[in-house]
Amino acid sequence: MAIFMLFLFIMREISVRRSLNLSLQGVVQKVEYDENKGTPTVTVNNGTYFLSGPFNFNYSIGVGDTIFKKKGEQVFKIIKKGSGKTITFQD
């Protein structure tokens, strides 16, 4: 059990570091959600990004939304297409 908990801790740390290194800005061209966890994979500016980390995006990112994420920060901002509503996810 301890090895499993250590594994989960290490995987979470890897996920957080990947998220910190990510810089992202643009319109979401495509979005797919992981069937088990609901974690999104988005295509922005013809690049594909798996949005892992300590966030529950709750299926709130859609095609046409604008997404912002600065490198070194744990803040994602989503501006919804049509309504202009801003949703912020931060650790």
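Things to note:
- Which numbered condition residue 57 fails, given (1) modelled with pLDDT under 90; (2) among the aromatic types (Phe, Trp, Tyr); (3) in a strand (DSSP E or B): (3)
- Some residue of the range 66-77 being polar (S, T, N, Q), surrounded by 16 or more Cβ atoms within 10 Å (Cβ to Cβ), farther than 25 Å from residue 10 by Cβ and without any contact (Cβ under 8 Å) to a residue 60 or more places away in the chain: yes
- Residue in the range 76-89 that is farthest from residue 43 (Cα to Cα), counting only those that are touching an Asp or Glu at 6+ places or on another chain (Cβ under 8 Å) and assigned to a strand (DSSP E or B): 79
- Restricting attention to the range 45-91, the residues that are under 14 Å from residue 24 (Cα atoms) and either charged (D, E, K, R) or more than 12 Å from the chain's Cα centre (by Cα) (or both) add up to 12.
- Residue selected from the range 34-44 under the condition polar (S, T, N, Q) and in a loop (DSSP other than H, G, I, E, B), by the criterion farthest from the chain's Cα centre (by Cα): 36
- Residue pairs whose Cβ atoms lie under 7 Å apart, separated by 6 or more positions or on different chains, with the first residue in the range 32-43 and surrounded by 12 or more Cβ atoms within 10 Å (Cβ to Cβ) and the second small (Gly, Ala, Ser), are 39/52.
- Counting only residues that are modelled with pLDDT under 75, in contact with a Lys or Arg (Cβ under 9 Å, 6 or more places away or on another chain) and surrounded by 12 or more Cβ atoms within 10 Å (Cβ to Cβ), the range 1-31 holds 2 of them.
The values are calculated or read from the model by the stated rules, or taken from the named source; none is laboratory data. The structure displayed is predicted, hence computed values, not measured ones. Methodologically, a virtual Cβ is constructed for each residue, glycine included, from the backbone with ideal geometry; neighbour enumeration extends over all protein chains shown.
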